[in-house]
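Scroll down for the structure; my scribbles are underneath it.
The values are calculated or read from the model by the stated rules, or taken from the named source; none is laboratory data. Since this is a predicted model, take the numbers as computed values, not measurements. All Cβ positions, glycine included, derive from the backbone under ideal geometry; neighbour counts span all protein chains shown. The protein model used for the area step is the full one, side chains on, heavy atoms only, and it has no ligands, DNA or RNA in it. Shrake-Rupley method; radii C 1.70, N 1.55, O 1.52, S 1.80 Å.
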Amino acid sequence: MEFEIQSKDTDLTNFALHLVQKNEILKHLQRELKNLPCGSDDETAKKISDLNSAIRQNLSLKEDLEEFQQKLDNSYNDFFIRLRNKFPKLTRNEERLCAFLRLNLSSKEIATINNTSLKAAEMSRYRLRKKIGLNYNELLPEYLQSI
């Protein structure tokens, strides 16, 4: 049973890291497209604009997050139940943040998955820490793993 849990954790971590890598590549491509000279060619400008739109849509693709959420729910159903019992006022996003932290994802990785800034991810961690009343000397991921 412990092996099965560890296997699910590994699968979730791999999926999350895949999302991180995909989003980082898309952001890099988006930056590169912005640096391309458009010139006066309307067709080239239209293609660049279309590519930027496609990248933006892929970055905010909810299907990836929904699939990840489904995997989290399947793997961590008991965790979410215990978390909701202990902290009933947590929002869905805060619960998902707890799962990311339980997987030992960094703030940078969480920001990339959520397509937000690093500062936003750090603020979310700070607010979560305050909401659950965690002391500053306790590590948030370790605390969540103990739930």
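Numbers below:
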{"quantity": "Aspartates and glutamates whose Cα lies under 17 Å from that of LYS47, excluding same-chain neighbours fewer than 8 positions away", "calculated": "GLU32"}
{"quantity": "Environment charge at ARG127 (Cβ cut-off 14 Å; Lys +1, Arg +1, Asp -1, Glu -1)", "calculated": "+4"}
{"quantity": "Surrounding net charge for THR116, when Lys and Arg each add one and Asp and Glu each subtract one, Cβ distance under 13 Å", "calculated": "+3"}
{"quantity": "Rounded accessible area of TYR126 (nearest 10 Å², 1.4 Å probe)", "calculated": "100 Å²"}
{"quantity": "Cross-link table LYS89/LYS130; LYS71/LYS119; LYS8/LYS119, entries beyond 23 Å C-alpha to C-alpha", "calculated": "LYS71/LYS119; LYS8/LYS119"}
{"quantity": "Segment 47-143: trypsin sites (Lys or Arg not before Pro) in DSSP coil with no more than 10 other Cβ atoms inside 10 Å", "calculated": "LYS89"}
